[in-house]
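Since the structure comes first, as structure tokens, the remarks are kept for the end.
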């Protein structure tokens with residue numbers, strides 16, 4: 001009996017010190033989980049920063065990542081249409097899936113759904129992480145999820161989360177100051193990735209290079225955009241690194257606009273290894289182009 005008690009104490013002590021295994025859909029969420037969890041978490045991301053998060057090919061290796069995970073953090077709102085397949089394939093009955101969009105104020109919720117509309121998200125535009133004000137909700141929900149898996153470390157998670165949000169708030173004020181002279185500027189984007197970002201900074205997105213989400217640019221739509229850019233004096237066309245920029249470049253050659261290759265996730269460009277670095281890069285690049 002004495003040996004059994006000692007063995008149980010060793011097992012409990014070992015479990016108390018075990019790191020929470022976290023898998024995230026996007027590298028941005030992985031960065032936030034590491035900032036909050038510190039040494040108490042082991043974190044992996046499915047999507048790289050230079051990949052289109054809408055179009056991920058399901059691989060057995062992704063299922064294996066989830067098989068041993070405690071948490072799967074995802075953006076939600078049907079951004080990760082590939083996620084249910086890897087969750088089911090992991091056969092991990094103890095995995096907690098955390099949809100971080102639940103408390104987000106959602107934009108562009110469609111009134112109706114039709115195949116003619118292209119790849120429309122039924123729950124609204126899922127790119128809410130590009131408005132850094134939404135990160136407070138994301139961080140709070142990650143803190144809560146980690147605390148459920150490791151209650152003994154809850155205070156550490158809360159302290160780290162609060163510290164991160166304080167730094168982020170300072171950065172938000174700085175980013176807003178940098179972009180203040182450009183409030184009201186009109187831009188064009190390739191995909192509807194920048195709705196929340198534009199709403200935050202008071203920018204107007206006049207149109208997309210895609211005639212509809214997920215639909216390749218047609219010659220007629222490209223011609224229409226050339227006319228729009230000329231008439232409105234639009235100076236910037238934002239294209240994510242994983243999209244074909246040929247149509248955007250054609251518009252730029254015919255006008256005075258400039259194509260900016262801006263990633264939507266950290267790791268999508270050199271140096272932007274974390275979420276704040278991603279926003280730093282995005283704000284500096286966009287402000288430089290709008291001057």
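Some observations on this one:
- Residues located in region 142-168, provided they are surrounded by fewer than 21 Cβ atoms within 10 Å (Cβ to Cβ) and either under 15 Å from the mean Cα position of the chain (by Cα) or free of Cβ contacts under 8 Å to residues at least 40 places away in the same chain (or both): 144, 147, 151, 154, 155, 158, 159, 162, 163, 165, 166
- Set 91, 133, 122: member being surrounded by fewer than 17 Cβ atoms within 10 Å (Cβ to Cβ), touching a residue at least 40 places away in the same chain (Cβ under 8 Å), over 25 Å from residue 280 (Cβ atoms) and assigned by TED's automatic domain parsing to the domain that holds residue 19: 122
- Where residue 77 falls short, out of the listed (1) closer than 23 Å to residue 136 by Cβ; (2) free of Cβ contacts under 8 Å to residues at least 60 places away in the same chain; (3) in contact with a helix residue (DSSP H, G or I) (Cβ under 7 Å, 6 or more places away or on another chain); (4) assigned to a loop (DSSP other than H, G, I, E, B): (3)
- Criterion: in a loop (DSSP other than H, G, I, E, B), within 17 Å of residue 43 (Cα to Cα) and either out of contact with any strand residue (DSSP E or B) (no Cβ under 9 Å at 6 or more places or on another chain) or outside the structural domain of residue 243 (by TED's automatic domain parsing) (or both) - qualifying residue of 69, 111, 55: 69
- Looking only at region 24-39, residues that are in a helix (DSSP H, G or I) and buried (at least 19 other Cβ atoms within 10 Å of the Cβ) come to 10 in all.
Yes/no matrix, rows are residues, columns are (1) farther than 21 Å from residue 33 by Cβ; (2) touching a residue at least 12 places away in the same chain (Cβ under 8 Å); (3) within 17 Å of the chain's Cα centre (by Cα):
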position	(1), (2), (3)
247	yes, yes, no
251	yes, yes, no
254	yes, yes, no
257	yes, yes, no
263	no, yes, yes
268	no, yes, yes
274	no, yes, yes
277	no, no, yes
280	no, yes, yes
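- Test for residue 121: is it under 24 Å from residue 266 (Cα atoms) and at pLDDT below 95: yes
- Qualifying residue in region 233-244 (condition: more than 21 Å from the chain's Cα centre (by Cα), in a helix (DSSP H, G or I) and not assigned by TED's automatic domain parsing to the domain that holds residue 47): no
- In region 200-232, of all residues being part of a loop (DSSP other than H, G, I, E, B) and closer than 16 Å to residue 250 by Cα, the one that is farthest from the chain's Cα centre (by Cα) corresponds to 218.
- Considering residues of region 261-274 that are in contact with a strand residue (DSSP E or B) (Cβ under 9 Å, 6 or more places away or on another chain) and surrounded by fewer than 21 Cβ atoms within 10 Å (Cβ to Cβ) only, the residue modelled with the lowest pLDDT: 269
- Residue 289 being under 20 Å from residue 197 (Cα atoms), in a helix (DSSP H, G or I), touching a strand residue (DSSP E or B) at 6+ places or on another chain (Cβ under 6 Å) and in contact (Cβ under 8 Å) with a residue 40 or more places away in the chain: yes
- Scope region 275-291; condition in contact with a helix residue (DSSP H, G or I) (Cβ under 9 Å, 6 or more places away or on another chain) and buried (at least 18 other Cβ atoms within 10 Å of the Cβ); matching residues: 275, 276, 278, 279, 282, 283, 286
The values are calculated or read from the model by the stated rules, or taken from the named source; none is laboratory data. Because the structure is predicted, anything quoted here is derived from the model rather than measured. Here Cβ is always computed from backbone atoms with ideal geometry, including for glycine, and neighbour counts include all displayed protein chains.
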